[in-house]
Amino acid sequence: MNLITLCKMTDKAIFPAPEHDHSVCINKAISVAEQLCLTRGVQLTPIRHKILELIWNSHKAVKAYDLLDQIRPVNDAAKPSTVYRALDFLLEQGLIHRVESLNAFVGCHCSGTQHDQLLLICTECHTVQERSAPLVLSALSKELGDAGFVPQRKTIEIHGLCKSCRSAINALEENAIQ
Ligand SMILES: [Zn+2]
Ligand SMILES: [Zn+2]
Ligand SMILES: [Zn+2]
């Protein structure tokens, strides 16, 4: 399977339901990363590989110090700088995103390039949904152009309730009324 096919697949599967088979997400993300690093001639060293796997443990954002705690049992020589260097590499390769408002990281759903995105952060289940939001981002580009402002990066982060948490809460409320 080539990279393009994998990317298209991950794109379609954007933000799966809570009961989805997450091992599929992990396997896809890891194979995209391995193939990409091979094509680019960059090293997905064991520590970079491990950090990427740990980030992909869930669709929740992970903080650097939590990654350090998780990596110590397998690599007791790991220091904060080890984790930060691996994170920098993964960010550079477009394999993960920094969630600025949480100071944490999530795996990118369509790994490969650094790109702008809309991140929807659920305050209930803490999952982060990535959306390419082309209309929002092009409107934003126009606004920035009008202002003569050159952005270094564009990430829009919105905190709120995701679809499945909202339906769960609605169901609870309906039960309470009955
Ligand atoms: Zn998943
Ligand atoms: Zn992405
Ligand atoms: Zn949620």
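Read-outs: derived from the displayed coordinates by stated rules, not from any lab. Note that the structure is predicted; figures quoted are calculated from it, not measured. Every residue, glycine as well, gets a Cβ built from its backbone with ideal geometry; the counts of neighbours run over all protein chains shown.
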If each residue's Cβ is checked for other Cβ atoms within 10 Å, how do Cys37, Cys125, Cys110 rank with the fewest at the top? Cys125, Cys37, Cys110
Is it possible to state the helix-based mean residue ellipticity at 222 nm for the chain, with each DSSP H run of 4+ residues giving -39500 (n - 2.57), the sum divided by total residues, to the nearest 500 deg cm²/dmol? What is it? -15500 deg cm²/dmol
Share of antiparallel DSSP beta bridges in region 3-177, in percent to the nearest 5? 60
Sequence gap at least 6, Cα distance under 8 Å: using those rules, report the relative contact order of region 3-177 to the nearest whole percent. 21
Exposure rule at most 15 other beta-carbon atoms within 10 Å, DSSP loop trypsin sites (Lys or Arg not before Pro): the chain longest free segment: 64-152
Structure shown: which of Lys79/Lys154; Lys60/Lys154; Lys28/Lys50; Lys142/Lys163 lie over 25 Å apart, alpha-carbon to alpha-carbon? Lys79/Lys154; Lys142/Lys163
